[in-house]
Amino acid sequence: MHSESGPLSVKASEAQAGIIERESAHTSGVYPKRPLAIVRGAGARVWDADGREYIDCVGGQGAANLGHAHPAIVRAVSEQASRLISCPEIFYNDQRALLLERLAAVAPSGLERAFLCNSGAEAAEAALKFARLSTGRSQVVAAMRGFHGRTMGALSATWARAYREPFEPLVPGFRHVPYNDLPAMQEAITRETAAVILEVVQGEGGVHPAEPGYLSGVQSMCEERGALLILDEIQTGYGRTGKMFACEHHGVRPDLMLVAKSMAGGLPMGACLIGPRVGLLPPMAHGSTFGGNPLTCAAALATLDAMSSDDLPGRAAELGSYLTGKLEGIRSPIVRQVRGLGLMVGIELKVKVTPVLQALQAAGVLALPAGSTVLRLLPPLVIEREDLDRVTEAIATALEARPAPRMETL
Ligand SMILES: Cc1ncc(COP(=O)(O)O)c(C=O)c1O
């Protein structure tokens, strides 16, 4: 998990201890893990190795928008697995061809081409390379509190010092300006700027939505100065905010758009969608062995079908305002603000979030942090209203149990 400030030290049972011990013995060590072994999921629920049930508001960190074990994904993956799994992009493939066509149809207009890859960070890397290639420039403007991934290019666009500092020097030419600040952006974009990269709602940085007019203002500045606008929809994409893509709330059409996380029903996939201001990309300019493999393409096609047949963006809009309303109704002296868009919700606290996450887990609700004081909820979009009621009750109880901060720590 990206921003958990420390392990969630709820004690694991004996049944789970074996799994935890085995995994711990050989894992890289880079994840601050919770001592909880999850072995099964269905819809918005997951179960641990003892059979204990949880309402899942972690949602695969935004990958599980369709919920767990969605029958359409299970069917698509098993059928495709028995037909063809590997087919690198030096060949054509039926599933890939269909997916590219569907992506062009569903994306904001003009994003007619796509580079398919395997993760969010890879989508960001592709966009940064394409922006350099297309503009002949190398400077990039990103936002404070922004998060775009952990590979060297994506990390250079990411803001948090804790993620960046151990790996410096990073890619040169990146600068960060305050989010939602058009005058700062105006000053930062120059004739040397290849691209501006922004999230539509900053997720990892604390669930901060773009203000009305901000993204369209940045888009005009980019067009004026020959820079490209990269929108990172990796967390906001695929219905999460109440629209298929969050940029639709703003009427903005980026030059490059990043998607990943939920695009293949939870299977690892990413894509960099490419608009008309990006020039032709020559063969060999970029590539990926697994990019566009038929298995994830089949899952991504099934995901698009389920998104529209179940109107999951509409559901996220409706349930998002229901959830936000309920959360705003919690009267707690330690809540600073409830904010978000659709089913991407943040509750900023006046105290550290880790003990609240622990209390929620003990009450059967899994949730995320976003920084040290924001509780973040990314439930599957198929979650039921009754589950959101239970989540709200559990949050109210967990907050009640926390002492209000003393004045000097406010
Ligand atoms: C907005 C955003 N961009 C990029 C990434 C990186 O994606 P991945 O972890 O798939 O590399 C994330 C992951 O949390 C994200 O939230």
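The values are calculated or read from the model by the stated rules, or taken from the named source; none is laboratory data. Since the structure is predicted, the reported quantities are computational estimates derived from the model, not experimental observations. Every residue, glycine among them, receives a Cβ derived from its backbone with ideal geometry; neighbour counts consider all protein chains shown. Side chains included, ligands, DNA and RNA excluded: accessible areas come from the protein's heavy atoms. Shrake-Rupley method; radii C 1.70, N 1.55, O 1.52, S 1.80 Å.
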| query | Just checking, which of V77, V141 is crowded, with 17+ Cβ neighbours inside 10 Å, touching a strand residue (DSSP E or B) at 6+ places or on another chain (Cβ under 7 Å) and β-branched (V, I, T)? | reply | V141
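Tell me, which residue of the stretch 157-169 that is within 13 Å of the ligand (Cβ to nearest atom) and not in a loop (DSSP other than H, G, I, E, B) is surrounded by the most Cβ atoms within 10 Å (Cβ to Cβ)?
A157
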| In the stretch 262-278, how many residues are open to solvent by 30 Å² or more (accessible area, probe 1.4 Å) and over 22 Å from G60 (Cβ atoms)? | 2
| field | helices (runs of 4 or more DSSP H) completely within the stretch 71-141 that count 2 or more residues being touching a His at 6+ places or on another chain (Cβ under 8 Å) and touching a residue at least 60 places away in the same chain (Cβ under 8 Å) | value | 120-135
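To keep it simple, each residue is scored yes or no on (1) modelled with pLDDT under 95; (2) of a type in the set (S, T, N, Q); (3) outside any helix (DSSP H, G or I); (4) out of contact with any Cys (no Cβ under 6 Å at 6 or more places or on another chain).
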| site | (1), (2), (3), (4) |
| --- | --- |
| G287 | no, no, yes, yes |
| L295 | no, no, no, yes |
| A302 | no, no, no, yes |
| S308 | no, yes, no, yes |
| P313 | no, no, no, yes |
| A317 | no, no, no, yes |
| T324 | no, yes, no, yes |
| L327 | no, no, no, yes |
| task | State all residues of the stretch 220-251 that are open to solvent by less than 10 Å² (accessible area, probe 1.4 Å), within 16 Å of the ligand (Cβ to nearest atom) and hydrophobic (A, V, I, L, M, F, W, C); if no residue qualifies, say none. | result | L229, I230, L231, F245, A246, C247
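Table: residues versus (1) within 18 Å of H250 (Cβ to Cβ); (2) within 16 Å of the ligand (Cβ to nearest atom).
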position: V171; (1), (2): no, yes
position: P183; (1), (2): no, no
position: A188; (1), (2): no, no
position: E192; (1), (2): no, no
position: V196; (1), (2): yes, yes
position: E199; (1), (2): yes, yes
position: V207; (1), (2): yes, yes
position: G213; (1), (2): yes, no
| said: Out of everything in the stretch 325-363 that is small (G, A, S) and in contact with a Gly (Cβ under 9 Å, 6 or more places away or on another chain), what residue ends up being most open to solvent (accessible area, probe 1.4 Å)? | reply: G340
| query | Does V259 satisfy the condition of being away from the ligand (no atom under 15 Å from the Cβ), of a type in the set (A, V, I, L, M) and open to solvent by less than 10 Å² (accessible area, probe 1.4 Å)? | reply | no
| request: Check the stretch 308-318 and report whether any residue there is open to solvent by 60 Å² or more (accessible area, probe 1.4 Å), within 19 Å of the chain's Cα centre (by Cα), within 16 Å of the ligand (Cβ to nearest atom) and farther than 17 Å from A104 by Cα. | output: no
| field | Number of the exception - G217 against (1) without any contact (Cβ under 8 Å) to a residue 60 or more places away in the chain; (2) open to solvent by less than 10 Å² (accessible area, probe 1.4 Å) | value | (2)
| remark: When restricted to V338, V345, V278, the only residue β-branched (V, I, T) and more than 26 Å from N65 (Cα to Cα) is V278
| Residue that is under 23 Å from I230 (Cα atoms) and not hydrophobic (A, V, I, L, M, F, W, C), where the choices are G292, G346 | G292
| Residues of the stretch 132-150 being more than 16 Å from the ligand (Cβ to nearest atom) and of a type in the set (G, A, S), which ones? | S134, G136, S138
| said: I'd like to verify a number: residues in the stretch 337-364 that are in contact (Cβ under 8 Å) with a residue 24 or more places away in the chain and not in a loop (DSSP other than H, G, I, E, B), how many? | reply: 18
| request: Scan the stretch 33-70 residue by residue and report those that are free of Cβ contacts under 8 Å to residues at least 24 places away in the same chain and among the β-branched types (V, I, T). | output: I38, V39
| remark: Across the stretch 365-386, the tally of residues that are part of a helix (DSSP H, G or I) and either in contact with a Lys or Arg (Cβ under 7 Å, 6 or more places away or on another chain) or closer than 21 Å to L36 by Cα (or both) stands at 0
| query | Taking the stretch 268-280 as the region of interest, how many residues are in a loop (DSSP other than H, G, I, E, B) and either within 12 Å of the ligand (Cβ to nearest atom) or acidic (D, E) (or both)? | reply | 2
